[in-house]
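Novice: Just dropping this structure here.
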Amino acid sequence: MSLKAKIEAIVYAAAMPVTLEQIFQLVKPSVLAEQEMDEAEAKSRVRAALEELTAQYASSEHGIEIRQVAGGYRMSTKPEQHDVVRAFAKSLKPPIRLSLPALETLAVIAYKQPVTIPEISDIRGVDSGGVIATLLDRKLITTAGRKAVIGRPILYKTTKEFLMRFGLKDVNELPSMEEFEKLVAESFQSDLLPVEEPAGGPEAVAEESSLAEEDNVAEPQASAEDMSDTAEYDAAAEDHVETHAGKASD
């Protein structure tokens, strides 16, 4: 990988403006390994590569640019692209909001699929019927036929939307349970629904949430309503656009 490619990846991945010194410390081992030079020369080479990369993104062929902000560098959309970015943001689906019981159920389905509601409930220790309806509405799971046992209960499995949400090629790429819990925390932390803990403790919370959702849904359905016109959607879109606008106007 070229030096400019490494710098580009660092600046793109940085949530906050990344300084030249931070970039240099990350690429220094590879730069010094390629050529015999002292640190001053290596840092000068990194600075030159960063300036070349900035100039390349400044051309009209790119819709984003690398800007110096607050003593560091970061990528942002160019001001002239704000209209198309705003239109794109408004076309996005509303953010996924899940309760902790829903996340627990999603984890069980991901690792045990295809699986029935009774099997999920046995693992969780509480009824999961209402939570299943929530996951179906969010299109994170779908039906997978019926199990060939008495009563022929419906089987459930994860969807393409689930794979996209977690950045997986297929279910064979599912990480260990510990890694999955970390992914859940990172991906859904800002979208978790608050749950007040009753006197019974965490187990009572899970049971109460599941039963409450079950009361609101008579039977899980595989289809979901289009929420694109809701107030929550508009707020999410505006927040997304303002983030881009703020980055470009810094």
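Novice: Taking Glu52, is it outside any loop (DSSP other than H, G, I, E, B) and in contact (Cβ under 8 Å) with a residue 40 or more places away in the chain?
Specialist: Details: outside any loop (DSSP other than H, G, I, E, B): yes; in contact (Cβ under 8 Å) with a residue 40 or more places away in the chain: yes.
Taking the combined requirement at face value, the residue satisfies it.
Novice: Cβ-Cβ distance below 7 Å, separation of 6 or more or different chains: which pairs start in the range 11-32 with a residue that is in contact (Cβ under 8 Å) with a residue 12 or more places away in the chain and end on one that is of a type outside the set (A, V, I, L, M, F, W, C) and part of a helix (DSSP H, G or I)?
Specialist: These pairs meet every condition: Leu20/Arg47; Phe24/Lys43; Val27/Lys6; Val31/Arg45.
Novice: Given the conditions (1) part of a helix (DSSP H, G or I); (2) modelled with pLDDT under 90, and given that Ala9 satisfies all but one, which numbered condition is not satisfied?
Specialist: (2)
Novice: Here is a follow-up. For Ser91, are the conditions met, namely being outside the structural domain of Arg165 (by TED's automatic domain parsing), over 22 Å from the mean Cα position of the chain (by Cα), surrounded by fewer than 14 Cβ atoms within 10 Å (Cβ to Cβ) and of a type in the set (Ser, Thr, Tyr)?
Specialist: When the stated conditions are applied, Ser91 does not pass them.
Novice: Now a separate question. Can you tell me which residues in the range 55-75 are touching a helix residue (DSSP H, G or I) at 6+ places or on another chain (Cβ under 7 Å) and either more than 10 Å from Val11 (Cβ to Cβ) or in a helix (DSSP H, G or I) (or both)?
Specialist: If the condition is that a residue be touching a helix residue (DSSP H, G or I) at 6+ places or on another chain (Cβ under 7 Å) and either more than 10 Å from Val11 (Cβ to Cβ) or in a helix (DSSP H, G or I) (or both), then Gly63, Ile64, Glu65 are the ones that fit.
The values are calculated or read from the model by the stated rules, or taken from the named source; none is laboratory data. Source: prediction; values computed, not measured. Using ideal geometry, Cβ is built from the backbone for each residue, glycine included, and neighbour counts are taken over all protein chains shown.
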